[in-house]
Amino acid sequence: MAEKKITNDPDNDYRLVGIGTSLKEYKMCFHLNQLVGCDFRKLEALVFEPKDRTRKTEFSVFKAEDALKNIFIVFTNKNMGEYLLPEISNFDYLVQLRGRFTDEDVKVLMEGIKKFPEVVMCQEVPLKKIKSKERLGYEEEIAVQRLISPKRFKR
């Protein structure tokens, strides 16, 4: 079956919330599932190979969509001493909000996140502060459905 790639181009059509916590990624996503009523699924990790390093660094990515078609994408910001977005290295996780989010929606979301156990800080990150926005881009593999099943025509 052929695979189709959907590219998330890093544009300015999203909001970004930074979270500082010692929670493991699966616990963080569990709490976010409870808060926003979605089901986060793990995507293929973002992999970067710094020019001055010999090893690759991977950052986990999780994605969910709510009933209103708003998209939540969670990135881990730290791994093995490296940062996905070094200019905001004080955050452990970044939540990218795509869709129709008002200031009030973001405020309510951040208040809910602050109630998670072990969350030290949570705040919205101004996009103009981020110099390496291109690092928030990813490619998601999606299987293309076949229009005709070969089994259907076998005798």
How far apart, in nm, are the 7 Å Cα→Cβ label points at ALA45 and LEU68?
3.4 nm
Scan around ASP92 for amide H atoms under 5 Å from its own, H built in the peptide plane at 1.01 Å from N, and keep only partners 5 or more places away or cross-chain.
ILE19, GLY20, THR21
Please go through the residue pairs LYS27/LYS115; LYS27/LYS63; LYS42/LYS115; LYS107/LYS131; LYS42/LYS128 and name each one whose alpha carbons sit more than 18 Å apart in this structure.
LYS42/LYS115; LYS107/LYS131; LYS42/LYS128
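On average, how much accessible surface per residue is there in segment 11-131, in Å², for a 1.4 Å probe, leaving out ligands, DNA and RNA?
Working: 7030 Å² over 121 residues.
In whole numbers, segment 11-131 has 58 Å² accessible per residue.
All other residues with a Cβ under 15 Å from the Cβ of TYR26 taken together, and with Lys, Arg as +1 and Asp, Glu as -1, what is their net charge? Intermediate values should be presented prior to the final figure.
On the way: positive: LYS24, LYS27, ARG41, LYS42, LYS63; negative: GLU25, ASP39, ASP92, GLU118.
Residues near TYR26 contribute +1 overall.
The values are calculated or read from the model by the stated rules, or taken from the named source; none is laboratory data. For clarity, every value in this text was computed on a predicted model and none was experimentally measured. Counting neighbours? That spans all protein chains shown, and the Cβs are built from the backbone with ideal geometry, glycine included. These area figures cover heavy atoms from the full protein model, side chains too; ligands, DNA and RNA do not enter into them. Shrake-Rupley method; radii C 1.70, N 1.55, O 1.52, S 1.80 Å.
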